[in-house]
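Worksheet: one structure, shown below.
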Amino acid sequence: MNSVNPQRRAKIVCTLGPSSRTADQIEALIDEGMDVARLNFSHGTHDFHRELIRTVRDLSRKKRRPVMIMQDLQGPKIRAGILPPSGLELQAGDTLILHPEGTLPKLSTHGRLSIPISAEIALAVASDTQKGARILFDDGKIATRVLEVHPPEILVEVEIGGKLTSQKGMNLPGTPLSIPCLTDKDLEDLKFGLSEKVDAIALSFVRSAYDIETLREKMRKLTHDLPLVIPKIERQEAIECQNSIIEVSDGLLIARGDMAVEIGAERVPNVQKNLIYSCNQLGVPVITATQMLESMIASPTPTRAEASDVANAVFDGTDAVMLSGETASGKYPREAVRTMSRIVVEAEKMRDQYSRHTQIFPMPGSVVDAIESSAAGIAHQVGAVAIACLTHSGMAARTLAKYRPDTPIVAIMDNESMLRKLGLVWGVRGELITKIVATDDLFAMVESVLKTNGWAQSEDLVVVTAGVPTLKRGTTNMIKVHRVGVPSERNPRT
């Protein structure tokens, strides 16, 4: 049974993996409401991801539901290397030598434990680290303090102990790192993603707007059809220059897991709200991610705290909420998406009561901003059942979503790739047509799309925005209130 709720506005991102790799498993996620399929390139081969991409594309077309594919690049591996199978039990007061994996420590090992760390980052980390800095392992469960630095080796003392096992992540809160955010592996993965025409690239380890521009420059050398760029905000440096990052981005992903280790979990809620607010002001789609329904990896139901977390992200104004292990490796991937959708729908019933009421004004001099902000107000005033945006690039629909209309947004497009790229945009449904027709047939075509999908019935009022008479890209200049099933000469005029 298809349980997608047509009233849901916030989008759902699902990470695919071993629990969601077959056609039947992926079809179930689409049926429950997956809008964006996230491919995590920290895991899996190119062949594995290629099969996922093709399955998602085939099912999306079969079910006539656009599903965006987002490639999440791994970024630099700041982590411990290979340790004994049983791991190492670290005690407070232990002294550790952090050295490049595949080498023997140059520092004396007498009375010290040697811990290999990823060779690709060892020298850069040692060069950036200073005495007194903190180095955390395993999401902050193990804490150490730097005693001495002898690049590429670092001597640290354990402050909070625990069992350290192979490949656990490292965090250096408060230490700006000079490591490039694109590794050799990322560049190979990027070439693969572009060849498979993914719709968006999520960029890990972002610190400034320069990182986004660097990625775009590399992509321009490989393709003319650029995917969206979605930086992941997880480090203090990125938070400090968040506005400049948002201004050059196509979207934003709030990576709350690494962020909590970097800046402290107590700061994450305020940073989340601030990032969402800033994105909303500029009309940049924002994803709230990490541990949203974490308990559903092993349980068919979420905790009350998790339900509140999802709802509060909706109240904050997030465009999308994301599932990670819940759908990638959990026991209940379908149930997790269904639960997420239900929580979002319930939260959105109270959106006007609990959301921050900050008026967003059209950008001065922008015709499309003026048209779409007016369309949102007109649709509310006349009780329209939909706002239909005829758009080549999707910009009109994306601009309209910025004003958060209480009327559903329908993007009618003639470009499948551009339609999929609206998968993260709040409140937008999409329909692919062969071509956007001339003005004489415009409203008949809009009626056909809306009625075929059950989005409007005869006598319903709809608001239509388009660019007339040319219908060319970037020419949105018209609003019309149209009554479905009534000849044009008896309809309200523009």
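Before moving on, here are some points about what is shown:
- The range 242-382 shape via C-alpha gyration tensor axes, a/c threshold 1.5: prolate
- Peptides ranked, highest mean first, by Cβ atoms within 10 Å: ranges 261-271, 73-83, 173-183: 73-83, 173-183, 261-271
- Only one item in (1) 149; (2) 200; (3) 158 matches volume of the Cα convex hull per residue in Å³ derived from the coordinates shown, and that item is (1).
- For residue 131, the lysines whose Cα falls under 22 Å of its own Cα, not counting residues fewer than eight places away in the same chain, are 106, 141.
- Residues whose placed amide H lies under 5 Å from that of residue 112, excluding near-sequence neighbours: none
- Within straight-line cross-link reach of residue 331, aspartates and glutamates at Cα separation under 14 Å, skipping those fewer than 8 residues along the same chain: 294
- Taking 7 Å steps out from each Cα toward its Cβ at residue 197 and residue 123 produces label points 4.1 nm apart.
- Computed over the chain: relative contact order in percent, which uses C-alpha pairs under 8 Å that are six or more apart: 14 percent
- Check: the range 69-190 dipole with +1 on Lys, Arg Cβ and -1 on Asp, Glu Cβ, in debye: 360 debye
- Calculated P(r) of the range 88-171 - Cα pairs past 14 Å, %: 58 percent
- Of the beta bridges in the chain, as assigned by DSSP with both residues counted there, near 40 percent are antiparallel.
- Taking 361, 137, 48 and counting other C-beta atoms within 10 Å, the order from fewest to most: 361, 48, 137
- C-alpha long axis of helix 23-32 to longest principal axis of the chain, angle in °: 60 degrees
- Within the shell of other residues whose beta carbon sits under 11 angstrom from the beta carbon of residue 193, the net charge comes to -3, with Lys and Arg scored +1 and Asp and Glu -1.
- Zone of residue 295's modelled label, taken as backbone nitrogen in the range 325-345 under 11 Å from a point 7 Å along Cα→Cβ: none
- Cut-off 11 Å between beta-carbons: net charge of the residues surrounding residue 432, Lys and Arg +1, Asp and Glu -1: +2
- Partner lysines for residue 218 [C-alpha distance under 19 Å; skip if fewer than 8 residues away on the same chain]: 185, 191, 197, 232
- Summing Lys and Arg as +1 and Asp and Glu as -1 over all other residues whose Cβ lies under 12 Å from the Cβ of residue 377 gives a net charge of -1.
- The lysine pair tally for the range 367-490, using Cα distances under 19 Å and a gap of 8 or more places or different chains, is 6.
Computed from the coordinates by the stated procedures, all read-outs in this text should not be read as laboratory data. What you are looking at is a predicted structure, and each value in this text was computed from that prediction instead of being measured. Please note: Cβ atoms are built from the backbone with ideal geometry, for glycine as well, and neighbour counts cover all protein chains shown.
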